[in-house]
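Q: Sharing a structure, written as structure tokens. Questions coming.
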Amino acid sequence: MTTTLRQATPADSDLLLSVIDQASEGVLPQLWAEFAPEGVAPEEVGRGLVLEEAGPFSHRSAVVIEHDGA
């Protein structure tokens, strides 16, 4: 079994959104819903934050653990 750490990338946005949701016990997605423009899903607000190059939710602030490439 090979375990590696790597810098998160934009391709990890779904994974990071799931972790943020779990870690905040659903609070952050509720806040995103309040800030979302009409017709925009809360997770799209969160995804925008994850895809930013800087900021507290940026993918650049995260590290991903991979086990055997997954």
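Q: Within the stretch 4-15, identify whether any single residue is part of a loop (DSSP other than H, G, I, E, B) and either free of Cβ contacts under 8 Å to residues at least 40 places away in the same chain or not hydrophobic (A, V, I, L, M, F, W, C) (or both), and answer yes or no.
A: Checked the stretch 4-15: at least one residue is part of a loop (DSSP other than H, G, I, E, B) and either free of Cβ contacts under 8 Å to residues at least 40 places away in the same chain or not hydrophobic (A, V, I, L, M, F, W, C) (or both).
Q: Looking only at residues in the stretch 5-44 that are of a type in the set (Val, Ile, Thr), more than 20 Å from residue 67 (Cβ to Cβ) and exposed (fewer than 14 other Cβ atoms within 10 Å of the Cβ), which one is farthest from the chain's Cα centre (by Cα)?
A: Across the stretch 5-44, the extreme among qualifying residues is 40.
Q: Might you check whether a residue that is farther than 22 Å from residue 6 by Cα and surrounded by 14 or more Cβ atoms within 10 Å (Cβ to Cβ) occurs anywhere in the stretch 45-54?
A: Yes, the stretch 45-54 contains a residue that is farther than 22 Å from residue 6 by Cα and surrounded by 14 or more Cβ atoms within 10 Å (Cβ to Cβ).
Where a number appears in this text, it was derived from the coordinates with a stated rule and is not lab data. Quick caveat: nothing in here was measured; it's all calculated off a predicted structure. Counting neighbours? That spans all protein chains shown, and the Cβs are built from the backbone with ideal geometry, glycine included.
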